[in-house]
Amino acid sequence: MPGRSPAPFLPEWLSSQLPFDRYQIELSDGLRVHVMERGQGRPVVMFHGNMTWGYLYRRVAGRLKGEPLRLIMPDLMGLGFSDRVPSGRFTLTDHTSWMAELVEGLEIEDAIAVVQDWGGAIGVGAFAEHPGMMTGLVVLNTAITAPRPGFKPTKFHRIFSNPIVGPLVSYMGLIEKNMGRAQGDRQSISGVVRESYLYPLRQHGNDAIIDFVAMVPSSMEHASVEVLARVEEFVATFDGPAHIVWGKRDPVLSKLLGRTSRLLPQAGVTATNAGHFLQEEVPDEIAFAIRTVAGI
């Protein structure tokens, strides 16, 4: 089992929002993953996506307090309080391998995966490397299918993957400072919540935001396409309980609901008026989906 070490210090105003156990797990290559946990019972591993960290799931975890569940909230590499990624290793293959090693090190079985944004391909891809470990799936706004020939990247990705615009936007911090614009309720990410997302980026840098944008396929020859195809194949063969909770006001991924629901015909679907970071807007609906998949 990978070694554990204490989690980095958090100021009281931030730590008071996170009544969880916190620790770091060191992977085989020396990189450390920051993890938060609450509860005991069936493992539920919650994967976030770009520019956020495990903090994104705190409201969902609050709704599940007292349930027979072990809630596990890792920070993806490069974000939150996980280590920053060495140059040249910011690929979907690497991210999937890191999380696969993490879930193996957590020594879990009969796990439920909860996935959103890049946490979809990365989290599901991690469990795909350990067949049989994932027995339930809750899908939030994410892409777990490969692009089809002739696809066009979204306007967001075309703008921020530009080699001139991307670094400039990163330097100015414009993406993370405007997270609320991706929401159904823009006030859902404001004040102390907004500051909580910005805190680790101010401490450790925000280069990962643009690096994650660069991982989005720009053509069928992009390196992420092959990994996304494997993820789609794995999900298509998954016949366990599943539920989809979707934010219809997501400016980036809202249109993928139909394709996602066809991929998981056994899944219940809860469509909401939330935006991209729907954990901030509809935690009750997500908690309900987790309970449903867990059978509690």
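Brief remarks follow.
Per-residue answers, yes or no, for (1) open to solvent by less than 60 Å² (accessible area, probe 1.4 Å); (2) over 14 Å from residue 101 (Cα atoms); (3) part of a loop (DSSP other than H, G, I, E, B); (4) in contact with a strand residue (DSSP E or B) (Cβ under 6 Å, 6 or more places away or on another chain):
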site	(1), (2), (3), (4)
5	yes, yes, no, yes
9	no, yes, yes, no
19	no, yes, yes, no
23	yes, yes, no, yes
33	yes, no, no, yes
37	yes, yes, no, yes
44	yes, yes, no, yes
50	yes, yes, yes, yes
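- Answer from 69, 76 - the residue that is under 22 Å from residue 179 (Cα atoms) and open to solvent by less than 10 Å² (accessible area, probe 1.4 Å): 76
- Residue count for segment 72-104 satisfying the condition of being part of a helix (DSSP H, G or I) and in contact (Cβ under 8 Å) with a residue 24 or more places away in the chain: 12.
- Answer residue from segment 208-224, given it is part of a helix (DSSP H, G or I) and crowded, with 16+ Cβ neighbours inside 10 Å and is modelled with the highest pLDDT among those: 224
- Scanning segment 281-292 for residues that are open to solvent by less than 10 Å² (accessible area, probe 1.4 Å) and of a type outside the set (Gly, Ala, Ser), we see that the one that is nearest to residue 40 (Cα to Cα) is 290.
- Subset of segment 202-229 [under 17 Å from residue 89 (Cα atoms) and among the charged types (D, E, K, R)]: 207, 211, 226
- Selection within segment 260-269: residues that are buried (at least 18 other Cβ atoms within 10 Å of the Cβ) and over 15 Å from residue 288 (Cα atoms). The member of this set that is nearest to the chain's Cα centre (by Cα) is 260.
- Where helices (runs of 4 or more DSSP H) fall entirely within segment 105-207, those with at least 1 residues that are among the small types (Gly, Ala, Ser) are at 118-128, 165-172, 191-204.
- Criterion: at pLDDT 95 or above, of a type in the set (A, V, I, L, M) and touching a strand residue (DSSP E or B) at 6+ places or on another chain (Cβ under 6 Å) - qualifying residue of 228, 263, 278: 278
- Filter result for residue 257 (over 17 Å from residue 47 (Cα atoms) and either crowded, with 16+ Cβ neighbours inside 10 Å or without any contact (Cβ under 8 Å) to a residue 12 or more places away in the chain (or both)): yes
- Cross-chain or 6+ apart pairs with Cβ under 7 Å, segment 116-137 first and more than 21 Å from residue 270 (Cα to Cα), then assigned to a loop (DSSP other than H, G, I, E, B): 122/76; 127/133; 133/108; 133/109
- Hits in segment 52-71 - residues which are basic (Lys, Arg), assigned to a helix (DSSP H, G or I) and touching a strand residue (DSSP E or B) at 6+ places or on another chain (Cβ under 9 Å): 58
- The conditions of being among the acidic types (Asp, Glu) and within 30 Å of residue 292 (Cα to Cα) are met by residue 37.
- Cβ-Cβ contacts under 8 Å between residues 6 or more apart (or on different chains), taken from a first residue in segment 207-230 that is over 23 Å from residue 129 (Cα atoms) and of a type in the set (Asp, Glu) to a second residue that is open to solvent by 10 Å² or more (accessible area, probe 1.4 Å) and in a helix (DSSP H, G or I), are listed as 207/170.
- Looking only at segment 225-254, and only at residues there that are part of a helix (DSSP H, G or I), closer than 23 Å to residue 293 by Cα and not hydroxyl-bearing (Ser, Thr, Tyr), the one that is most open to solvent (accessible area, probe 1.4 Å): 233
- For segment 110-134, the tally of residues that are open to solvent by 30 Å² or more (accessible area, probe 1.4 Å) and in contact with a Pro (Cβ under 8 Å, 6 or more places away or on another chain) stands at 1.
- Checked against (1) of a type in the set (A, V, I, L, M); (2) closer than 25 Å to residue 204 by Cα; (3) touching a Ser or Thr at 6+ places or on another chain (Cβ under 9 Å), residue 111 meets all criteria but (2).
The values are calculated or read from the model by the stated rules, or taken from the named source; none is laboratory data. In this text, all values refer to a predicted model and were calculated from it rather than measured experimentally. Cβ coordinates were reconstructed from backbone atoms using ideal geometry, including for glycine residues, and neighbour counts include every protein chain displayed. To get the accessible areas, we keep the full protein, side chains included, count just its heavy atoms, and leave off ligands, DNA and RNA. Shrake-Rupley method; radii C 1.70, N 1.55, O 1.52, S 1.80 Å.
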